[in-house]
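Structure, as structure tokens:
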Amino acid sequence: MSTALRDLIANPNAAELELIARYGMLPEDARRERAFEAFAKGGLPHRRVEGWHWSDFKASLPVIETPAQPGTAQDPLPADDAVLFSFTPTGFTWAESLPEGIRVLAKPEAQAFGASEDMPLGALAAALAGGKTKPGTLMIEVTGQDLPRLHFRFSGAGEANFARVQIIVRPGAKLAVSESYLGGAGFTASLMEFSLQAGAECSRTVYQRTGKAEVLAATAAVQLDEGADYRQTTLAFGGKLTRLETRLTHQETGAKATLNAAYLCADGHHADITTEVRHGAPSCVTRQLTKGAVLDGGRGVYQGKFFVPRNVGQKTDADMQHNALLLEEGAEVFAKPELEIYADNVECAHGNTSGALDANQMFYMRQRGIAEEEARALLTEAFIAEALEEAGELEDVLRVQARAWLAR
Amino acid sequence: MDCCGGTDEHEDDCTEVTVKEGIDAKTVEAAKALESENYSAGFSTAIDMEFSPKGLSEDTIRFISAKKEEPEWLLDWRLAAYRRWLTMEEPTWAKVRYEPIDYQAYYYYAAPKSGAKYESIDDVPKEILETYEKLGIPLREAEVLLGVEGAAETAAAAREAPRVAVDAVFDSVSVATTFRKELEKAGVIFMSISEAVREHPELVKKYLGTVVPQSDNFFATLNSAVFSDGTFVYVPKGVRCPMELSTYFRMNAENTGQFERTLIVCDEGAYVSYLEGCTAPMRDENQLHAAVVELVALDDAEIKYSTVQNWWPGDEDGKGGIYNFVTKRGDCRGARSKISWTQVETGSAVTWKYPSCILRGDDSVGEFYSIAVTNGRQQADTGTKMIHLGKRTKSRIISKGISAGKSDNTYRGLVSINKRAEKARNFTQCDSLLIGGRCGAHTVPYVENRRADAQLEHEATTTKLSEDQLFYARQRGLGEEQAVALLVNGFVREVLQELPMEFAVEAQKLLEVSLEGSVG
């Protein structure tokens, strides 16, 4: 069977062969097979595939190996009061005792993953998560309101780290989730699935900071039922190649989503923020603000898409903004804010800017006696901070991280 | 809101269209006027034609080359392109769907039997002259001078009336080129590309394929192999072309494809304004139009290229219509050169077209102004590429897409700032409007910035374009949307009004188009 799957990938590279081998060692499971097939149809996505043009995984991941110099970032997101789930290349652990309102089901078999062809690296995570004795999918059911935050940490040196988590937030429940991607593994692929039922609320904070050698694909699939409210804030520093992708579907009336992100890329760091929002029900709201700042040798990629289907997408209210600063020559920012609209009574706006800091603002600061370096740092921080405002209790932590990076 | 309430994208058959409140009634009317039942250029001309053997092979290419009495180098060039084409795959990334094209089902050369180029306008077959007259394109210089409709009644009015030199391309051949003599006096070369190959081989050889190389893309490579006729323009150093130049493309014969090739070279400090019009008869089968247009602007030169594209769009059920798969690219090769594309797109069943500018010269400027209206089952995937290579290069993109009926209208554009493009600037604004709930409007902008000192703005930052104007309008009590609509409309209107009247019939109808109710 794995021979047949191997044939699916044209000219597989060493990394793809390794992924096929890893899949071959896992217990047989029809849904796992289905997920792996979805990945194998195209293999590691590359620049010739629309949607991966600026983030070529096949080129960036010739082999899967432990990085010689893995990232050493400490996790800045506090875990003391949170329920911690820790994923490493050798497996995962979580707190023995859970508060009432949170139930964890570790399923030995993989769960079905819909639309997997559209998310090849999410499908890969679904296919390779778990192991012979370890559960393939971690399912978490949330029923309470006053719950501690769930914190997912992805770290530890090794070749590869695969994880899959499904979170179901029952009607009216409230949840805060945070994730830290700290690198260590040569390749990390995760799939986080969120299902918010009627009136449920969820805030998700993603922090990503790895070394220059790591390749990461963190995929989130989010589904919102009637009146659900989902708020997401991401702070990414990039790696050799990192992609934080969110696919969100408004599936019932009146759902609301906020998808904010900031990326800060230094030399040798590539951060890709990709989102696709499907307005599959009338009168849903999406607000999206992405900010980026990039230094010489860094690359920021932003791809956003609103998809508004015929009839059901009526009265969509969606706004997408991406603003990037190229702080030095040699920085690169690539953006694609996309709209696909089949309903006529909608408001979809998008805006995209990239360039240097506003000269007028700089002048204002300078004439107030602020040194150029400081003025630049202040303005950049203010610029980035706007995208972190929805992060709730974690906003300050993220701001401190952003400020420290800018002060370097 | 949909009268059928169905969810299937392509199966609902209701005829009544409910238009969202707030959409300008004149816009709806303007779009309605462009529905296929109102297509006035859909007649065909009965005339004896000579065809190449049906289908595509090296023999077809040799046939075309021999018909045109081409030199050996050009035949070799065509054959090299053909061999390359055989190894290429048809692109599928555009948001358009059509039945696979059988490239062997077309005639790649069709010309009136009585010969291609005529010594004098009096030798041009009556049927052809009538065809162009019916389309409102005068081929007799005297008529042009007086205006076809006898509009210029006084001598003064005649002097005022703008004159347009026309190259008329009928299927695969150019049948007439007007005002050649007068243009020659100014040093401007204006002739069909077949003639240019014979009369100015050095110029053609120097520039042909330098902007759109043979291997550029599937359709451009096909064109390089089989191109039949098109226009060649050369404006020498320092000359401001004394009149508007234009080519009117008419597809007439059944089962033919039209593969014209246009090459316009503006030497240092020269200026030319060029217009292109296209129509075709209503036919039930799909016809292929795969043209290549290359523009070269040297130091301080300016080329203004305008298109009114009104190929037969197919009937309301999507039967027939032209596949318009065109590669248009301008090369601002010289410093301070400028190329501007203006297009009014109302026709074709499927459009795949991205008129682009390569801003190579320092301080060069690229502009793209587009209005695309789709109706019935039309699909348009169109936009532009602005490739900033030189220092302080500037580009501006204004695109409006209006979808009605069951059509799909996509803006797809690339703005790319190269590492060396110091202080490059781009402004992009694309608006879409949906009329009724069974069509689609899409925007796919790609923005690649590799310069910290570049300034790129897309869409919602409209206010930056004319903050002062907007402020002025706002303080006079206009709402923000109203003010933006007014300003952008005024802007587009200005562009369209520069189109000469003969070519602007369709464009004029669109002047009523409004931004209100725009979806983003």
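The values are calculated or read from the model by the stated rules, or taken from the named source; none is laboratory data. These numbers were taken from a predicted model, which means no experiment stands behind them. Note: ideal-geometry Cβ built from the backbone for every residue, glycine included; neighbour counts use all protein chains shown. To get the accessible areas, we keep the full protein, side chains included, count just its heavy atoms, and leave off ligands, DNA and RNA. Shrake-Rupley method; radii C 1.70, N 1.55, O 1.52, S 1.80 Å.
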Fill in the blank from the handout: Residues in segment B:281-307 that are within 22 Å of B:S395 (Cα to Cα) and open to solvent by 10 Å² or more (accessible area, probe 1.4 Å) total 5
Handout entry: Cβ pairs under 7 Å, 6+ apart, first in segment A:80-105 and at positive phi and touching a residue at least 60 places away in the same chain (Cβ under 8 Å), second assigned to a strand (DSSP E or B) and open to solvent by less than 60 Å² (accessible area, probe 1.4 Å)
Key = A:G101/A:V142
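Residue by residue, here is whether (1) open to solvent by less than 10 Å² (accessible area, probe 1.4 Å); (2) without any contact (Cβ under 8 Å) to a residue 60 or more places away in the chain holds:
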site	(1), (2)
B:S356	yes, yes
B:D362	no, yes
B:T374	yes, no
B:H388	yes, no
B:R420	no, yes
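Could you tell me whether segment A:316-327 includes any residue that is assigned to a loop (DSSP other than H, G, I, E, B) and more than 25 Å from A:G355 (Cα to Cα)?
Quick first cut of segment A:316-327, residues assigned to a loop (DSSP other than H, G, I, E, B) only: A:316, A:327.
Then drop every residue that is not more than 25 Å from A:G355 (Cα to Cα), which leaves A:316.
Among the residues of segment A:316-327, at least one is assigned to a loop (DSSP other than H, G, I, E, B) and more than 25 Å from A:G355 (Cα to Cα), which makes the answer yes.
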Handout entry: Unmet criterion (only one of (1) away from every other protein chain (no Cβ under 14 Å); (2) open to solvent by 20 Å² or more (accessible area, probe 1.4 Å)) for A:I384
Key = (2)
Handout entry: B:D468 vs. criteria over 30 Å from the mean Cα position of the chain (by Cα), modelled with pLDDT of 65 or more, open to solvent by 40 Å² or more (accessible area, probe 1.4 Å) and at the interface with chain A (Cβ under 10 Å from one of its Cβ atoms)
Key = no
Fill in the blank from the handout: Within segment B:187-215, the count of residues that are open to solvent by 30 Å² or more (accessible area, probe 1.4 Å) and either among the β-branched types (V, I, T) or touching a Cys at 6+ places or on another chain (Cβ under 7 Å) (or both) comes to 1
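In segment A:43-73, how many residues are within 25 Å of B:Y446 (Cβ to Cβ), open to solvent by less than 50 Å² (accessible area, probe 1.4 Å) and either of a type outside the set (D, E) or out of contact with any strand residue (DSSP E or B) (no Cβ under 9 Å at 6 or more places or on another chain) (or both)? Before the answer, list the steps.
As a first pass, look at segment A:43-73 and keep what is within 25 Å of B:Y446 (Cβ to Cβ): A:43-61.
Those still in the list that are open to solvent by less than 50 Å² (accessible area, probe 1.4 Å) too: A:43-45, A:51-52, A:54-58, A:60-61.
Now narrow it down to the ones that are either of a type outside the set (D, E) or out of contact with any strand residue (DSSP E or B) (no Cβ under 9 Å at 6 or more places or on another chain) (or both): A:43-45, A:51-52, A:54-55, A:57-58, A:60-61.
Qualifying residue count for the region: 11.
Quick test for you: out of B:K32, B:K68, pick the one residue that is away from chain A (no Cβ under 14 Å) and within 30 Å of B:D381 (Cα to Cα). Reasoning before the result, please.
Details: B:K68 fails: within 30 Å of B:D381 (Cα to Cα).
Being away from chain A (no Cβ under 14 Å) and within 30 Å of B:D381 (Cα to Cα) holds for just one of B:K32, B:K68, which is B:K32.
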Handout entry: Residue that is of a type in the set (D, E, K, R), under 15 Å from the mean Cα position of the chain (by Cα) and over 30 Å from B:G42 (Cβ atoms), where the choices are B:E367, B:E345
Key = B:E367
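Taking segment A:205-231 only, how many residues are in a strand (DSSP E or B) and open to solvent by 10 Å² or more (accessible area, probe 1.4 Å)?
To start, the set of residues in segment A:205-231 that are in a strand (DSSP E or B) comprises A:205-208, A:215-224, A:229-231.
Filter again for open to solvent by 10 Å² or more (accessible area, probe 1.4 Å), leaving A:221, A:223, A:229, A:231.
Number satisfying all stated conditions: 4.
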Completion exercise
Over segment B:401-458, the set of residues within 9 Å of chain A (Cβ to nearest Cβ), at pLDDT below 90, part of a loop (DSSP other than H, G, I, E, B) and in contact with a strand residue (DSSP E or B) (Cβ under 8 Å, 6 or more places away or on another chain) is B:I435, B:C439
Completion exercise
In segment A:319-338, anything crowded, with 24+ Cβ neighbours inside 10 Å and either touching a helix residue (DSSP H, G or I) at 6+ places or on another chain (Cβ under 6 Å) or more than 7 Å from every other protein chain (Cβ to nearest Cβ) (or both) is listed as A:M320, A:H322, A:A324, A:L325
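Can you name the residue in segment B:257-274 that is outside any loop (DSSP other than H, G, I, E, B) and in contact with an Asp or Glu (Cβ under 6 Å, 6 or more places away or on another chain) and is also most open to solvent (accessible area, probe 1.4 Å) among such residues?
Of the residues in segment B:257-274, the ones outside any loop (DSSP other than H, G, I, E, B) are B:258, B:261-266, B:271-274.
Going one step further and asking which of them are in contact with an Asp or Glu (Cβ under 6 Å, 6 or more places away or on another chain), we end up with B:263, B:271, B:273.
Values: B:L263: 0, B:Y271: 41, B:S273: 7 Å².
Among residues in segment B:257-274 that are outside any loop (DSSP other than H, G, I, E, B) and in contact with an Asp or Glu (Cβ under 6 Å, 6 or more places away or on another chain), the one most open to solvent (accessible area, probe 1.4 Å) is B:Y271.
Taking A:F194, is it of a type outside the set (G, A, S) and either free of Cβ contacts under 8 Å to residues at least 40 places away in the same chain or open to solvent by 10 Å² or more (accessible area, probe 1.4 Å) (or both)? Lay out the reasoning, then the answer.
Details: of a type outside the set (G, A, S): yes; either free of Cβ contacts under 8 Å to residues at least 40 places away in the same chain or open to solvent by 10 Å² or more (accessible area, probe 1.4 Å) (or both): yes.
Considered against the rule, which asks whether it is of a type outside the set (G, A, S) and either free of Cβ contacts under 8 Å to residues at least 40 places away in the same chain or open to solvent by 10 Å² or more (accessible area, probe 1.4 Å) (or both), A:F194 comes out as yes.
Among the residues of segment A:103-146, write down those that are of a type in the set (G, A, S), surrounded by fewer than 22 Cβ atoms within 10 Å (Cβ to Cβ) and outside any strand (DSSP E or B). Outline the logic, then answer.
Going through segment A:103-146, the residues of a type in the set (G, A, S) turn out to be A:106, A:110, A:112, A:114-116, A:122-123, A:125-127, A:129-131, A:136, A:144.
Of the ones still in play, those that are also surrounded by fewer than 22 Cβ atoms within 10 Å (Cβ to Cβ) are A:106, A:112, A:114-115, A:131, A:144.
Scanning segment A:103-146 gives A:A112, A:G114, A:A115, A:G131, A:G144.
Restricting the search to segment A:348-358, which residues are under 19 Å from A:E386 (Cα atoms) and at the interface with chain B (Cβ under 7 Å from one of its Cβ atoms)? Before the answer, list the steps.
Just the residues of segment A:348-358 that are under 19 Å from A:E386 (Cα atoms), to begin with: A:349-358.
Matches in segment A:348-358: A:A349, A:H350, A:G351, A:N352, A:T353, A:S354, A:G355, A:A356.
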Problem - Given (1) open to solvent by less than 60 Å² (accessible area, probe 1.4 Å); (2) more than 9 Å from chain B (Cβ to nearest Cβ); (3) of a type outside the set (F, W, Y), number of the condition A:N345 does not satisfy - result: (2)
Problem - Tally, over segment B:47-101, of residues that are open to solvent by 30 Å² or more (accessible area, probe 1.4 Å) and of a type in the set (V, I, T) - result: 3
